[in-house]
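The values are calculated or read from the model by the stated rules, or taken from the named source; none is laboratory data. Everything numeric in this text was worked out from a predicted model, so none of it was measured. Note that we place each Cβ from the backbone using ideal geometry, even for glycine, and neighbour counts take in every protein chain shown. Surface accessibility is based on the protein's heavy atoms, side chains included, excluding ligands, DNA and RNA. Shrake-Rupley method; radii C 1.70, N 1.55, O 1.52, S 1.80 Å.
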Amino acid sequence: MPRVSQDHLDARRRQILDGSRSCFARHGYEGATVRRLEEATGLSRGAIFHHFKDKESLFLALAEDDAGRMADVVAEQGLVQVMRNLLDEPRDGTSTPGADWLGTRLEVSRRLRTDTDFRQRWAQRSEQLTAATRARLQWQRDAGNLRDDVDVDVLTAYLELVLEGLVSHLAMGLPADDLGPVLDVVEESVRRHRGL
């Protein structure tokens, strides 16, 4: 029997994550049945659960994947750029910007509130974005670009709260066309101002 290459396994895993992202966003965690996951990924339950132990493991991997992608943007450009990217996502008339990512993010928030087992499992994974934000802010402070009258941990929490507020705003379907200048204010509020 021929061995399956690692590239093939990685591509199959990516196919499952990408398909399940839209399924979880559209139907929520409970509504993302195995049949719906099969339809969204184009794969059988055996293929899906060959890569993931169960639906919760799949959902956690998806949320972790999204957090990893966000952390990469944060490391290069900062957390405000993640927020700008949400606003720049194209709209198709039926969904808000980044609807699939938003759906996953909202589902994570809901499950954190209602599911203690999920909360414990997620705690092991959720630090990635916070650590990337903190590191980026520290780098900005060391370069002399970040205000120095507020602790980096406080600025990290502030930006994460702004992100959560933006996610809620977009998830409610509220207008987003005029939020660019709001993010300009957020970005300006953490910068160091010289010579005032």
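Considering only the stretch 171-196, how many residues are in a helix (DSSP H, G or I), open to solvent by less than 80 Å² (accessible area, probe 1.4 Å), over 17 Å from VAL73 (Cβ atoms) and of a type in the set (A, V, I, L, M)?
2
What are the pairs with Cβ atoms under 9 angstrom where one residue, in the stretch 114-131, is over 17 Å from VAL73 (Cβ atoms) and the other, located anywhere, is of a type in the set (Gly, Ala, Ser) and open to solvent by less than 60 Å² (accessible area, probe 1.4 Å)? Sequence gap at least six, or different chains.
ARG121/SER57; TRP122/ALA63; ARG125/ALA63; ARG125/ALA67
Can you run down the residue pairs with Cβ atoms below 7 Å, 6 or more apart or on separate chains, where the first is in the stretch 169-194 and closer than 21 Å to GLY144 by Cβ and the partner is modelled with pLDDT of 85 or more and surrounded by fewer than 12 Cβ atoms within 10 Å (Cβ to Cβ)?
Short answer, once both residue conditions are applied: ARG192/GLY144; ARG192/ASP148.
Out of everything in the stretch 4-26 that is among the small types (Gly, Ala, Ser) and within 22 Å of the chain's Cα centre (by Cα), what residue ends up being most open to solvent (accessible area, probe 1.4 Å)?
Initially, the stretch 4-26 is screened for residues among the small types (Gly, Ala, Ser), giving 5, 11, 19-20, 22, 25.
Among the residues that remain, those that are also within 22 Å of the chain's Cα centre (by Cα) are: 11, 19-20, 22, 25.
Values: ALA11: 58, GLY19: 7, SER20: 0, SER22: 25, ALA25: 34 Å².
By that ranking, first place goes to ALA11.
Looking at the stretch 27-60, which of the residues that are open to solvent by less than 10 Å² (accessible area, probe 1.4 Å) and touching a residue at least 40 places away in the same chain (Cβ under 8 Å) is nearest to ALA11 (Cα to Cα)?
Once the filter is applied, the top-ranked residue is LEU58.
Inspect the stretch 162-184 for any residue being charged (D, E, K, R), over 22 Å from ASN85 (Cα atoms) and modelled with pLDDT under 95 and give the result as yes or no.
no
Does ALA157 fit the bill of being over 14 Å from the mean Cα position of the chain (by Cα), of a type in the set (Gly, Ala, Ser) and assigned to a helix (DSSP H, G or I)? So that I can check it myself, show each step before the final result.
Values: over 14 Å from the mean Cα position of the chain (by Cα): yes; of a type in the set (Gly, Ala, Ser): yes; assigned to a helix (DSSP H, G or I): yes.
The answer is yes for ALA157.
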